1. I'd like the accessible area for B:C5, computed on protein heavy atoms only with a 1.4 Å probe and all protein chains in place. Round to 10 Å², please.
2. Calculate what fraction, in whole %, of the accessible area of the range A:336-396 sits on carbon and sulfur atoms when a 1.4 Å probe is rolled over the protein chains.
3. May I ask for the angle, rounded to the nearest 10°, between helix B:107-130 and the longest principal axis of chain B, with both axes built from Cα atoms and the value confined to 0 to 90°?
4. Mind pulling the angle between the C-alpha long axis of helix B:13-25 and the longest principal axis of chain B? Nearest 10 degrees, somewhere in 0 to 90.
5. Please compute how much accessible surface disappears when A pairs with B, both sides summed, using a 1.4 Å probe, and round it to the nearest 100 Å².
6. Using a 1.4 Å probe on the heavy atoms of the protein chains only, list every residue of the range A:466-486 that has 30 Å² or more less accessible area in the complete assembly than in its chain alone.
7. Can you list the HN-Hα couplings for the range A:362-367, worked out from phi with the Karplus curve (6.51, -1.76, 1.60; θ = phi - 60°), rounded to whole Hz and with x for Gly and Pro?
8. Between B:T148, B:T161, B:T102, find the one with the highest GNM mean-square fluctuation for chain B; connect C-alpha pairs within less than 10 Å.
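The values are calculated or read from the model by the stated rules, or taken from the named source; none is laboratory data. Everything numeric in this text was worked out from a predicted model, so none of it was measured. Note that each Cβ is placed from the backbone with ideal geometry, even for glycine, and that neighbours are counted across all protein chains shown. For accessibility, only protein heavy atoms count, side chains too; no ligands or nucleic acids. Shrake-Rupley method; radii C 1.70, N 1.55, O 1.52, S 1.80 Å.
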Amino acid sequence: MDTKSKKFKAFKYWLCFFIGLNIVILFIIGGLTVATNFDKAMLYGDFKETQSFKENIASKFNTLARYITDNLITDDVDENQQYLDLYLAELQDEGQNLIYYAKNPKNQKVLSNVEIGSILDAKGSISLPDGYDFYIYYNGEEFTGGKSGKPLDIYRDREYKNTLLRPYLEKTAGHIEQSEYDIQGCQILLVVKQDIVENPYAYSSLYNQRRQLDYVKWILLGAFIVFILGLGLLVLSVIKRKQIKEFEKVLGKVLGKVFLELKVPVLFMGAIVFLIMVQQFFYMGFPYAALSAVIFFWFIYLIRIDLKNNGTHVFTNNIVNAVIKSYKAFEKKRPFQKALLMRLYALVGSEILLIILSLIFLLASFAGNSIFYFIFTLIFIGLGVYLFYRYVRRYTTTIDDIGRIIDQTDRIRQGDTTTKLNLSPDADLFVLSQNLNTIQEGIAEAVEKSIRSERMKVELITNVSHDLKTPLTSIISYLDLLLKEEDLPEHVKDYIRILAQKSERLKLLIQDLFDLSKAVSGEMEFEKKNLDLGKLIEQTLADLDDRISQSQLIFKVSIPDGPVPIISDGNKLYRVFLNLFNNALKYSLAGTRVYVDLVTAGQKAIVTIKNIANYEMNFTEEEIVERFVRGDKARSSEGSGLGLAIAQNFTRACGGDLDIKIDGDLFKVMLTFNIEKQNS
Amino acid sequence: MEAPCILVVDDDREIARAISINLQNEGYKVIEAYDGLQALEAISSQDIHLIILDIMMPKLDGLSATMKIRQEKNIPIIILSAKSEDSDKILGLSMGADDYVTKPFNPMELMARVKSQIRRYMTLGDVSMKEKNNRIIRTGRLAFDTETRTLTADGHSVRLTATETKIVELLMKNLGRVFPAEEIYERVWGEVAYSVENTVMVHIRRIREKIEINPSEPEYLKVVWGIGYKIEKI
């Protein structure tokens with residue numbers, strides 16, 4: 001189900017809730033109001049028992065009584081006649097529904113629409129004509145009546161007392177003397193038809209009243225049905241309250257979009273309505289009271305939904321914030337530096353505008369001596385302060401963000417590739433922070449890749465060197481056995497000796513390869529101790545003494561008298577110097593001097609080894625140590641060719657540095673170490 | 001006395017065979033095995049005097065085999081491995097091996113080590129009984145008699161010159177201590193030392209040639225680079 005129909009369904013259920021609750025509230029309030037003065041007779045359907053019928057009859061009686069007693073309705077005689085004519089016309093309009101007879105013996109006035117003799121005999125007993133079942137008769141002394149053949153006690157019937165008959169009833173009962181209602185001695189009779197029919201020639205009020213009675217029944221039934229329907233809807237909405245909540249959320253969203261400036265006046269008006277309602281509830285007519293109650297209820301309901309769904313957003317969603325927000329959206333499309341400048345201009349511009357506006361209103365309030373304008377002045381000043389506050393707040397967050405970005409770059413520089421910088425998405429420097437994060441991810445990826453490839457390389461070399469060693473062991477072992485064979489021809493023995501030499505070289509090469517790869521990858525373990533660099537060089541030279549004296553080279557060694565203490569791994573440094581001296585022995589031009597100098601300069605100990613090469617050095621300083629990686633331009637026939645690379649990597653791993661300089665035929669190696677301060 | 005019996009264990013049959021031939025040439029009786037389990041089987045069924053054991057083998061590796069063997073027997077074990085790291089050597093020796101030779105090895109060196117181990121294993125019992133008054137200083141294969149001022153390696157006496165004897169005496173009496181060349185010179189020659197590194201080194205190298213199995217990879221008389229010289233305490 002897609003969301004639209006879902007929303008629609010939610011709306012339908014909410015509508016059920018809305019209508020149902022309205023109906024129920026209205027009916028409850030209405031029912032309570034109606035119940036206090038409801039005419040029960042209307043429910044039984046006996047028209048001649050209803051209050052409206054009784055009032056009608058009483059009014060007719062009153063008309064007859066006034067007419068025959070010449071009682072004025074108003075003081076003006078002409079006007080009085082008009083009224084009387086009107087009332088008489090009303091009597092006549094009833095047609096055959098009503099028989100009336102009135103006679104005042106004092107002035108001999110008679111008013112009737114029948115031959116009274118057939119109905120009322122001289123003794124005063126009444127015989128109703130066919131088709132008539134109701135009468136009310138005043139015989140000059142007291143009232144009698146009959147309905148459906150039964151006598152009617154008009155004095156006992158409280159409902160007649162609430163009609164125009166009241167003065168007559170009380171009069172005859174001998175209470176207050178009032179000349180205008182004095183009908184003593186008069187005869188007044190009203191007879192009503194059993195089945196009231198329509199008068200085709202005029203408007204019969206009795207007929208219309210009876211017809212209304214029919215309607216009332218239907219209306220009541222209808223109202224009852226509507227009430228049940230409303231109750232049903234309400235029950236349904238309670239069952240489907242989840243969907244209603246859903247819609248309430250939508251409603252809340254819609255309400256959330258409405259600005260506070262619009263809500264406040266509505267709230268204000270609501271409060272006024274409430275106050276009026278509380279004060280005037282009993283004076284208002286029922287429909288208005290009920291309606292205002294319902295409206296008030298829904299008003300509270302909307303406020304509740306708004307607060308529940310939007311919280312403080314209700315207060316922050318005002319026109320000022322909306323303007324700031326739309327400005328921000330506008331600003332976001334601009335480059336950072338432009339946006340910042342624009343913001344400053346916008347602030348200054350709007351502040352100036354607000355100051356002018358507040359001045360204008362201030363003047364207006366002085367001129368008009370009106371507090372109304374002054375309120376506007378205050379509002380504009382408040383707005384100005386608020387805008388400034390917003391600007392400063394934004395500015396300080398941006399400064400904070402700059403600090404955080406600086407910290408972040410520092411972290412990245414230190415190699416932290418996991419801590420991410422999370423700026424809020426609408427921060428000025430958000431794009432920058434995102435870019436930094438992306439760069440950081442890139443670095444992390446690159447580092448991880450290179451670590452992985454480095455580890456793979458080391459593993460590969462370790463495995464390969466292990467795998468090379470096993471067959472080499474066999475080769476060396478069997479070559480050794482062959483060498484011991486005595487009855488081989490001399491030239492075969494020579495071949496075998498060459499094989500033995502090469503296998504020895506292969507063994508050396510494998511070991512160097514292995515050592516170098518370990519040093520390069522940082523897998524090698526170092527045992528660092530306090531040692532004397534001068535002594536180490538002397539020992540190494542002493543170790544090589546045989547080869548040096550056999551060579552045609554002269555070693556010029558200059559080492560200071562005192563110890564040159566450094567912290568390093570002696571075994572590894574021995575390898576370094578051994579390699580360097582071996583190189584010098586191998587590649588120096590016969591008869592030249594090899595200079596080995598150790599000098600101290602401040603906290604540095606510097607060893608230089610200089611020799612004159614016996615071949616043309618057609619490579620750069622970088623190339624010579626990277627032979628391991630690159631193709632070799634001058635591969636030698638002895639040694640592994642890795643000597644310098646090992647020397648450089650070992651030196652660096654031991655905490656020193658190794659530089660190579662080539663100047664024509666002069667080959668110069670420079671090693672630098674940190675001197676350790678002697679504690680003693 | 002019957003020739004000592006040596007068990008050669010290596011999954012590479014060619015290497016095992018080459019070692020066997022070398023050992024047989026030296027007059028030893030040799031049994032070959034090609035994995036750890038076979039080795040254990042051979043040890044339980046035969047009278048073995050020395051084991052040459054590879055580490056990386058199928059079924060049961062050399063280190064585990066060493067541990068199993070050490071639970072029952074005191075036979076010398078020489079580990080033979082392509083693993084050449086110091087940490088590998090330390091691990092092998094601490095598991096109970098008596099010596100550690102890395103591949104590729106020099107057959108002559110291996111033979112020398114085998115002889116050394118066999119000699120010590122066969123004669124150790126009565127030699128240690130004779131030692132009295134702490135007059136003999138012992139480290140590994142070396143023994144120095146402080147009264148007669150003679151050095152023996154694997155029970156064979158080593159011929160040393162007077163200066164060499166003095167150096168050995170100094171270092172043996174202070175096993176493990178590192179002596180700078182100057183100190184050695186002053187105490188042995190009795191003169192003020194000046195630029196004596198070469199002189200001392202020459203003597204050290206000569207002594208090594210007499211006492212070490214492989215003089216270029218000394219086990220006892222070691223250089224501590226940048227400091228001095230010492231005889232290792234084993």
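1. For B:C5, solvent-accessible area is about 10 Å².
2. It is 81 percent, rounded to a whole number.
3. 80
4. Roughly 60 degrees between the two axes.
5. Using a 1.4 Å probe, the pair buries roughly 2900 Å².
6. Output list: A:H466, A:K469, A:T470, A:T473, A:S474, A:I476, A:S477, A:Y478, A:D480, A:L481, A:K484.
7. Residue by residue, the range A:362-367 yields 5, 4, 4, 5, 6, 5 Hz.
8. Of B:T148, B:T161, B:T102, the most mobile in the Gaussian network model is B:T148.
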